[in-house]
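One structure is given below, encoded as C-alpha cells.
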Amino acid sequence: HDLSEGDLVVSELLANPDACSDADGEWIEVRNTTGQPIELAGIELVDASGNVGTVSGGQIAPGAVAVLGRGDTPCGIDPVGTYDAALSLNNGGDTVQMWAGSTLLDVVTYSGSAVDPDLSWGHDGTDWCQTEPTPGGANASCG
C-alpha cells in the first residue's frame, strides 16, 4: 500500500557502537504504525549532509519493530534489512529523514549528547532519550 507520513517511524538508533566499528555496527530501528505489513526495500534514509542509505530487503509486520543495519550483522544483531554504507550516523548529532518515494515518513534529530559509546537514542512512546540499546525490543523508559 502507499505509505503516508507516520506509517513508518524511527523508534531507536545506535550512532556510536562500542563493540564494533561504526561502519559495521550502526543501526536504525523502525516501527510500523499501520495495520498492514510494509515492504522495506527501497525506503530511503537521508542524513543532514544529504547522504542516502537505501534499504535493501525486509518486511515489517503490522505494529512491529525492525532493525535496519548499516552492515549485515551490526555488532552481532540480525537486522531485518540493511541500508547503504553511504549513510553514516554522525557521532556529534545528526538528522535522519525516512522517505518512501516522494513521501516523507519521519524525521528524527539527535544531539551530541545522544552519542555516548554504546548508548542508543530511543523513543519510549512519549520522549526521546539516551538509553541502553534494545534493538528489536521495547525501548527503555526515558523516565
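The values are calculated or read from the model by the stated rules, or taken from the named source; none is laboratory data. In this text the structure is predicted, and so the values were computed from the model without any measurement. Virtual Cβ from ideal backbone geometry, glycine too; neighbours counted across all protein chains shown. Calculation scope for accessible area: heavy atoms of the full protein, side chains included, ligands and nucleic acids excluded. Shrake-Rupley method; radii C 1.70, N 1.55, O 1.52, S 1.80 Å.
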query: Would a scan of segment 127-137 turn up a residue that is in a strand (DSSP E or B) and exposed (fewer than 15 other Cβ atoms within 10 Å of the Cβ)?
result: no
- request: Go through (1) of a type in the set (D, E, K, R); (2) more than 22 Å from T33 (Cα to Cα); (3) open to solvent by 20 Å² or more (accessible area, probe 1.4 Å) one by one and return the number of the condition D47 breaks.
  value: (3)
Considering residues of segment 111-126 that are in a loop (DSSP other than H, G, I, E, B) and modelled with pLDDT of 90 or more only, the residue surrounded by the fewest Cβ atoms within 10 Å (Cβ to Cβ): T126
Strands (runs of 3 or more DSSP E) enclosed by segment 1-53 - at least 1 residues per element that are in contact with a Ser or Thr (Cβ under 9 Å, 6 or more places away or on another chain) and of a type in the set (F, W, Y): 27-32
task: Look through segment 69-104, keep the residues that are polar (S, T, N, Q) and outside any strand (DSSP E or B), and return whichever of them is nearest to T134 (Cα to Cα).
output: T73
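Okay, residues lined up against (1) under 17 Å from E29 (Cβ atoms); (2) small (G, A, S); (3) touching a residue at least 24 places away in the same chain (Cβ under 8 Å):
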| residue | (1), (2), (3) |
| --- | --- |
| D72 | yes, no, no |
| C75 | yes, no, yes |
| G92 | no, yes, no |
| Q97 | yes, no, yes |
| D106 | yes, no, yes |
| D116 | no, no, yes |
| W121 | yes, no, yes |
| D124 | yes, no, no |
- request: Could you give me the residue pairs with C-beta distances under 6 Å whose first residue belongs to segment 11-28 and is touching a residue at least 24 places away in the same chain (Cβ under 8 Å), whose second residue is part of a strand (DSSP E or B) and open to solvent by 40 Å² or more (accessible area, probe 1.4 Å) wherever it lies, and which are 6+ apart or on separate chains?
  value: S11/R31; S11/H123
